[in-house]
1. Quick one: how many residues across region A:8-64 are farther than 23 Å from residue B:37 by Cβ, free of Cβ contacts under 8 Å to residues at least 40 places away in the same chain and not in a strand (DSSP E or B)?
2. Before we move on, is residue A:49 in contact with a helix residue (DSSP H, G or I) (Cβ under 8 Å, 6 or more places away or on another chain) and within 12 Å of chain B (Cβ to nearest Cβ)?
3. Give the residues of region B:49-66 that are more than 9 Å from chain A (Cβ to nearest Cβ), part of a strand (DSSP E or B) and surrounded by 17 or more Cβ atoms within 10 Å (Cβ to Cβ), sorted by residue number.
4. Mind counting the residues in region B:1-48 that are over 22 Å from residue A:102 (Cα atoms), more than 16 Å from the chain's Cα centre (by Cα) and within 11 Å of another protein chain (Cβ to nearest Cβ)?
5. Can you tell me which residues in region B:21-45 are loosely packed, with under 14 Cβ neighbours inside 10 Å and part of a strand (DSSP E or B)?
6. Please verify whether region B:77-97 includes one or more residues that are outside any strand (DSSP E or B) and within 24 Å of residue A:56 (Cα to Cα).
7. Suppose we filter region A:73-102 for residues that are exposed (fewer than 15 other Cβ atoms within 10 Å of the Cβ) and assigned to a helix (DSSP H, G or I); how many remain?
């Protein structure tokens with residue numbers, strides 16, 4: 001396991017469809033984060049987990065978004081009834097549990113295009 | 001409120017020039033952490049450095065150096081003798097002690113020309 005893995009790398013979907021992304025963190029990392037990045041902007045925090053518990057959610061995360069981390073391993077991010085404004089790069093990161101004391105390692109992201 | 005400002009949107013230099021990327025942050029916390037990440041065209045964010053608010057020592061790592069000044073709330077990043085491979089978008093980020101989320105700036109796109 002050499003890093004954070006995200007699948008798929010690219011997803012094109014029609015407006016109104018549901019999509020699900022997967023993130024596999026670095027194996028010994030117990031914290032997992034989701035961020036969203038739009039063109040020309042820095043990543044924006046969406047949510048994070050410590051083990052299987054979802055500890056914080058951003059106000060950016062509307063009711064159409066849901067994230068899970070069953071058994072504290074991989075995580076999924078689902079977007080229901082996609083809208084064109086959901087088009088973005090979705091980044092996953094993982095780290096060890098000490099807040100701010102260890103760096104987060106990022107995956108290569110899933111680029112979502114809603115047409 | 002937390003905020004990170006990277007006023008330089010894009011910088012272009014010729015190889016071997018030195019370049020400094022500016023970062024200014026806002027936070028009410030006394031304990032916080034500052035980061036720099038590099039995002040090459042492949043898209044993956046690569047961690048470069050983490051500093052905590054109690055350690056104002058400047059740091060040097062090869063051609064990279066960082067200048068942390070609490071008095072001006074700045075955490076600037078200098079690349080000495082830039083190379084084409086340094087071309088990327090560089091992000092400064094902040095996290096506070098009570099939360100683990102990163103607040104990113106809008107990034108500075110660095111282009112190094114041969």
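Read-outs: derived from the displayed coordinates by stated rules, not from any lab. Nothing here was measured: the structure is a model prediction, and the numbers come from that model. Quick reminder, even Gly has a Cβ in these numbers, built from the backbone with ideal geometry, and neighbours come from all protein chains shown.
1. Summing the residues that are farther than 23 Å from residue B:37 by Cβ, free of Cβ contacts under 8 Å to residues at least 40 places away in the same chain and not in a strand (DSSP E or B) in region A:8-64 gives 6.
2. yes
3. The answer is B:51, B:65, B:66.
4. Total satisfying the criteria: 1.
5. B:26
6. Yes, because at least one residue in region B:77-97 is outside any strand (DSSP E or B) and within 24 Å of residue A:56 (Cα to Cα).
7. So the answer is 2.
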